[in-house]
Amino acid sequence: MTDVDPPAQGDPNPVQPWIAPSAGPAMHPLESGIPPGWAPVDPVSDAVDYGLAHPAEIYGYRPPPTYANPLVAHKPGIIPLRPLGLGDILGGALTAITTNLRAVAAISAVIAVASALITLLGSVLMDAVSLDDDNVVAALGGITTLSIAASVVLTSILTGALAYPTSRAVEGRYPPLSRCWERLAPRIPAVLAVGAIEFVIITVPLMLVTAIFATAGAASTSALAVLGLLVILIAVVALTVVTTFIAFALPITVLEKLGPIDSLRRSVALVRPVFWRVFGILLLVGLIIGIAGSVITSPAEFVGSVTEEVAGGASATTTKLATSTILSAVADFITLPFLATTVTLLYTDTRIRLEGFDITLIAASADSPKGNR
């Protein structure tokens, strides 16, 4: 059965069977309703151009635009310019040393040699103190206090000296030693003044503790001994708090070009909102460099014992002292730059967190090309 019934006999208008459009013959223009002489119009190719976008370009599919990952911070130099984590600070400190090794090594070598000479002087003075002397406690305590204070001041000066190359490395620039000296030279008086203030801050409490212990030893009273232990505890806590608050004084002195007193006040203002963070990171870094320094200087005892067995006498003491001094210089040369650059990066991180300093750093890193500047 078909879709169309057969036509009846004698029907003047027979019904034609249905034919698919693709299978039928092309229609004549007259049959398609187009007048003679006219051609079919292509609505796309023959459209009049009025300077407007084609609807297909407006409503058609387009690939989505690509955006930068907001979680990836701009990193022109050794650290990403955002609030830093512990790994960013420690890794950035190591990178700051390795990427500008020539300037960092030259500055660190001077401080390491000075620190080793102070250690040597302290050892010689301690060996000269007689244990039978009534003032042995005061003498040993005074020598130890001066050695510790001098070492802290030298570390602070190194922190100020390395503040400039470290801050440039944050922006992706690694200045030569001559440029570092040009920037540091005008700030040397202020750096030394801050170091002197820190020396007094550290020395006075330790001297007080030494005097109390010396008095307790002379009087041999339990009350003074307990008082001495209490004073030690208070002094340690007070020194820890004070040194944490003024930890940024040297980078501020060099980078912000403030005077000694203003640098100390500025450091206290920056550290106060993030005290525990600064204290914890500095404590961790202190433990790291302490362990590293002990590992580096440990062969001195072995060399001294071997020399004592082989030669003995004054030669063994001299050999042990020389070996200890050399290894101490090596330890300071390796560990002190790490502490100094960490303090500068911690200062930078604190300013990013509290003052939006990353915006300033991004603008500074884009102002001039990277390189030795």
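Of all residues in region 77-104, those satisfying the criterion of being farther than 17 Å from Ile352 by Cβ, out of contact with any Leu (no Cβ under 8 Å at 6 or more places or on another chain) and in contact (Cβ under 8 Å) with a residue 60 or more places away in the chain are Leu94, Thr95, Ile97, Thr99, Asn100. If you go through region 73-95 one residue at a time, how many are assigned to a helix (DSSP H, G or I) and either of a type in the set (D, E, K, R) or closer than 13 Å to Thr335 by Cα (or both)? Looking only at that region, the number is 4.
Residues checked against (1) modelled with pLDDT under 75; (2) outside any helix (DSSP H, G or I); (3) among the basic types (Lys, Arg):
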site	(1), (2), (3)
Ser123	no, no, no
Leu131	yes, yes, no
Val137	yes, no, no
Gly141	yes, no, no
Ala150	no, no, no
Thr155	no, no, no
Thr159	no, no, no
Thr166	no, no, no
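The values are calculated or read from the model by the stated rules, or taken from the named source; none is laboratory data. Quick caveat, the model's predicted, so the values are computed rather than measured. Backbone-built Cβ (ideal geometry, glycine too); neighbour counts: all protein chains shown.
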